[in-house]
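One structure is given here, and the rest of the page talks about it.
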Amino acid sequence: MQVDSNAATSDPEVPKQDMQLLRDLLLGKDYQSLLELRRQLNTPELHSEKVAAVVSEAIDLRARRDESLSDVLTPTIENALSRSIEKDPQRLADALYPVMGPAIRKSIHEVLAQTFETFNQLLEQSLSPRFLGWRFDAWRTGRSYSEVVLLNTLEFQVEQVFLIHSKTGLLLRHAEAPHAIVKDPDMVSGMLTAIQDFIADSFAVQDGSSLNKLRLGELTVLIDQGPYAVLAAVVRGNPPGDLAELLNETQEKIHQQMGNTLLNYQGDSEPFVRVHPLLEACLISQRQQREKRKPWLAYSVLAALLGLSAVWGYHYYQSKQEALRLAEQQQLMEQQRQAEQLRQQELMKQAEQQQRQAWQKTIDQMTAEPGVVVTGSERNEAGYRVWGLLDPLARHPETFVKPPLLQTGFEGEQAKPARLNFEFQSYISAEPEMVLRHAKQVLEPPGSVRLDMQQGVFKVSGSAEQSWRDKLDRYWMSIPGVNKLDDRQLQVVDPVQGKINNLVAKIQNTRHLFEHANADIDEQSPDFKRLAETINELVKLAASTNKNVQVTISGNSDESGTSQANEKLVSARSENARNLLLKLGVPGAVLLVGESMAPALNERSVRYTVKLY
Amino acid sequence: MIQKKICMLGSFSVGKTSLVKRYVSSLFDEKYHTTIGVKIDKKQVSVEGQELTLMLWDIAGEDAFFTIRPAHLRGMAGAVIVIDGTRESSFDVALSLYQMLTGLPDGQVPVCFALNKADLTDQWIIDDEKMQVLEKTGCEIVETSALENRGVDEVFQSLAGQILCMKQAV
């Protein structure tokens, strides 16, 4: 049955209700549904509502099926992001903040690790024979060193990707990696196709089978055969298994996007610019997974540096210590030197003091000497200059002064006797002793006369001949220092008696000295000879006056030793003297060995006492 | 840039290779001829201001021992059939090649006959009869001489022109 709706609607006579009735009869409830559906389609709000209910599921479904959704949405999302950033960059920054922080930290860590790794590699590169070999290769092949390193350290690198039209073998698009060696890709793609054909023909492979891998040395050509195009990747190194899969996926995408263009390809490759990013995505590479090992070389260099600096530090410390020690030693030496200097100065001072004292002693000794007056002295290089007054009859200091030793004050230097330079002027001393000496010089008294000065009085005692008495009277006034004469004790005797007195006095004034604890007498001594002559002369003179002479020899000893020993010594000395005098011609009757003189003399001697009877 | 695949066909030693040698960019060695039977060169031409890249498939000469692989002819946009003007057999081979081309599933492609070795006129065997046979095919016929540098550019220019015309017609 056919409903002529035009006739129905054009006829105004037919009531609307009838038409409705007729529709209901014919279409039933479906008609209402159709109307509702149309209303929904025609009303955008309702349509959007319906789509909104399923849009997520639809996107999910499509995303699972292929990646076209990403391709389609990418420009939109990029635009949206750009606009958002233009509008309010802070919002995006805030949103990204939780991601960026860890990412930046990770990046810094990676960079540091990489730097250390690079340092290690650099060390290795500059040292290992392998890298030296690579340098040689670079020089030999004329490539840059980095290229050679890249080639050798790559496990694989997709160097070129060809998209070739299957039927014509013409190149649709070509992508190449940096540093890849590329020869005319147009011709290469043609030849590749020709080779494929050659293989297929030569070995009569089954339909649909195709060459999918060529290998030459380290190069591999992976070929993915699509319905209209061939995707060929030239790989240096060992291509991983999933590379073929990647090529296959890329091929699918290309066919998906460019299916029609491929089908109707007439030699214009321009439209295939679109798929270039897909080809570039295939230019993957993987560097040799270097064994994750500790960078021992870097560590050892670091350790060596540390070691060197430690050694240097140790030496520096040692040298510092040594310098300190030397400085201390020098300081000590300086102190010692100063102390030594002080000691030397002290010694010199002491020496000087001693010198002064010794000199003072010498001066005192000179001053104590009668007839010597020291008015001044000074020190000179060689010794001393002394000046003053000297009585002509006084002993010259030269004869009794022992020159003091000149101390230099330096250790080990021997002291030398000082040279004494005397400058005396003559004077007449009024000292009693000097007065007596002058008196003796003027008067020449015989031995029996004794001269003395007591309290300014010149005393003359003993016996003398008349002639000498006259001389005394005549000259005593001219004796310097004599103002008054006492001659009451002087006896005037005849000449013989005077001679006898003189001889007695001479004998009694004689004494002979001995060595300590010794009683030996030098038999050649002139003293004994003279004594013997004097005694004999006295004996002769005494005989002329009818008198006899007796000479008593008395020995003496010092107080050392026992009295017993001394007694023996005294008698031995007396005996020896007597024996010698006997030998020299003195009559034995004259000589008598007597007791020690009283009071006992403390001297090692023999003395003589004369008696006339 | 438009690219087109052109096949160079002809009997052995008709001078296909020497014909193109001086006019093309070559990457591959002659030995490919004897190994895989084809060598590919490239020739840039300009027709009425339009640049065209011709990929020249120099296919090894057909003889008793070497037959052309049909796969090599697939997708070609034109062909140059080279005839050695001093050798009878090359003429026959050229004709049979032309026949083969017309029977290809891809349909008729522009063909240009190159009568090579045109400098050797004393040995020339292409007479009027033969010329008529060739002309009947409706293809362009160009006398060429690699030695005298004659007609080679014309061959490619003519072929490129025909290809472009066909494209526009399509």
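Things worth noting here:
- Chain A, relative contact order [Cα under 8 Å, separation at least 6], %: 7
- Taking every Cα-Cα distance in chain A and sorting them into 20 Å bins from zero, the calculated P(r) comes out as 10, 18, 14, 7, 6, 6, 9, 11, 11, 5, 2, 1, 0 percent.
- Over 22 Å (Cα to Cα) - which of B:K21/B:K130; A:K167/B:K4; B:K21/B:K43; A:K167/B:K136 fall in this group: B:K21/B:K130; A:K167/B:K136
- Here r is the Cβ-Cβ distance between A:Q40 and A:A244 and R0 is 60 Å; the resulting FRET efficiency, rounded to 0.05, is 0.75.
- Relative protection proxy for B:76-87, A:229-240, A:57-68, A:261-272, from highest mean packing down: B:76-87, A:229-240, A:261-272, A:57-68 (other beta-carbon atoms within 10 angstrom).
- Share antiparallel - DSSP beta bridges, chain B, percent rounded to 5: 35
- Within a straight-line Cα-Cα reach of under 18 Å, A:K361 can be paired with the following aspartates and glutamates, leaving aside sequence neighbours fewer than 8 residues apart in one chain: A:E352, A:E369, A:E378, A:E398.
- Cross-link partners of A:K540 among aspartates and glutamates, defined as those whose alpha carbon lies under 17 angstrom from its own and excluding same-chain residues fewer than eight positions apart: A:D494.
- Neighbours of A:N42 by Cβ distance under 13 Å: Lys/Arg scored +1, Asp/Glu scored -1, total +1.
- Exercise: per-residue mean of other protein chain Cβ atoms within 10 Å, A:178-191: 4
- The range A:28-49 and the range A:241-265 have Cα centres separated by 42 Å.
- Total formal charge among the other residues, if their Cβ is under 11 angstrom from that of B:R150, Lys/Arg +1 and Asp/Glu -1: -4
- Semi-axis lengths, Å, the range A:16-97, gyration tensor of Cα atoms, sqrt of 5 times eigenvalues: 47, 17, 10
- Relative contact order [Cα under 8 Å, 6+ residues apart], the range A:228-285, whole percent: 42
- Sites A:R356 and A:R511, calculated FRET efficiency, Cβ-Cβ separation with R0 41 Å, nearest 0.05: 0.55
- Per-peptide average of other Cβ atoms within 10 Å, ordering B:138-151, A:338-351 highest first: B:138-151, A:338-351
- Under a model in which nothing but the beta-carbon of Lys, Arg (+1) and Asp, Glu (-1) is charged, the protein assembly as shown shows a dipole of about 6180 debye around its Cα centre.
- Straight-line reach from A:K50: taking Cα to Cα under 14 Å and skipping same-chain neighbours fewer than 8 places apart, the aspartates and glutamates in range are A:E36.
- By the helix-only formula, in which each DSSP H run with n ≥ 4 contributes -39500 (n - 2.57) and the sum is divided by residues, chain A has a 222 nm mean residue ellipticity of -18500 deg cm²/dmol.
- Whether the range A:476-613 is rounded, prolate or oblate, judged on the alpha carbon gyration tensor where a/c under 1.5 counts as rounded: oblate
- Centroid-to-centroid, using Cα positions, the range A:322-356 and the range A:538-613 are 67 Å apart.
- Shown is the FRET efficiency for A:K611 and A:S525, computed with R0 = 22 Å from the Cβ-Cβ distance and rounded to the nearest 0.05: 0.35.
- Classification of chain B by its C-alpha gyration tensor yields a rounded form. The axis ratio a/c (a ≥ b ≥ c) stays under 1.5.
- Peptide B:1-10 has a mean of 4 when you count, residue by residue, the C-beta atoms of other protein chains within 10 Å of its C-beta.
- Cut-off 11 Å between beta-carbons: net charge of the residues surrounding A:A327, Lys and Arg +1, Asp and Glu -1: -1
None of the figures in this text is laboratory data; all of them are computed from the coordinates on show. Treat the numbers as computed from the prediction; the structure is a model and nothing was measured. In this analysis, Cβ positions are derived from the backbone assuming ideal geometry, glycine residues included, and neighbour counts consider all displayed protein chains.
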